[in-house]
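Working notes for the structure below.
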Amino acid sequence: MQTKRRVFLKGSLAASAAGLAVGAGLLSPRSVLAADWPTAAFDADKMDAALTELFGSGEATESGDVSVKAPDIAENGAVVPVTIESSIADADKVAIFVSKNPTPLVASFDLSGANPFVSTRIRMGETDNVTGVVHAGGKLYKASKEVKVTIGGCGG
């Protein structure tokens, strides 16, 4: 009985503190969530346009220092595991593109101060290249891997 009371009191205290911070304007949903969401990049229907909107340049150099790990064949395009990793120093952003998807920009990560390593699951509408783009030192580096999709995940 004592432990339930303590858990309840701790939860109440945490909720009160969060409510007080929101009420005081110290914690607003806009600052907690993605305030500078790159809407134009995610709305672009071509990979070059999305690259330009996201990074300011559509020129990415093929690099052996960027690796894309994904299955050769994805039985279900709705859940395709992808890992992007880089050994490039000072990398601050990583993005994942699938050019034949309705919106080619699948994900964008700001990794300022972190290792350029991202592992996630993406959706693919059909067989295509998964392209990982790493931004470092004002330049873009990329690598691609073809993934064959047997059942499309983007409404197909």
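Taking every alpha-carbon pair under 8 Å whose residues sit at least 6 apart, segment 45-147 reaches a relative contact order of 34 percent. Under 14 Å from a point placed 7 Å out from the Cα of GLU59 along the Cα-to-Cβ direction: which residues of segment 124-153 have their backbone N that close? 138-141, by backbone N distance to the label point.
Please give the length that would be gained between ASP92 and ALA40 if that part of the chain were fully extended, namely 0.36 nm times their separation in residues minus their C-alpha to C-alpha distance (nm, one decimal).
Numbers: separation 52, 0.36 × 52 = 18.72 nm, distance 2.01 nm.
Length gained, ASP92 through ALA40: 16.7 nm.
Taken over segment 46-149, lysine pairs spaced eight or more positions apart, or on distinct chains, with alpha carbons under 19 Å apart number 13. Pop the C-beta distance of THR52 and THR150 into the FRET formula with R0 = 35 Å and round what comes out to the nearest 0.05. With a Förster radius of 35 Å, E is 0.60.
Amide H contacts of THR127 (H built 1.01 Å from N, in plane; Pro and chain starts excluded): VAL149 sit under 5 Å, all sequence-distant by 5 or more or on other chains.
Distant-in-sequence amide contacts of GLY77, defined by a placed amide H-H separation under 5 Å and a gap of 5 or more residues or a different chain, comprise THR150, ILE151, GLY152, GLY153.
Bear in mind that the values in this text are calculations on the coordinates, not laboratory data. Because the structure is a prediction, the values reported are computed rather than measured. With ideal geometry, Cβ positions are generated from the backbone for all residues, glycine too; neighbour counts draw on all protein chains shown.
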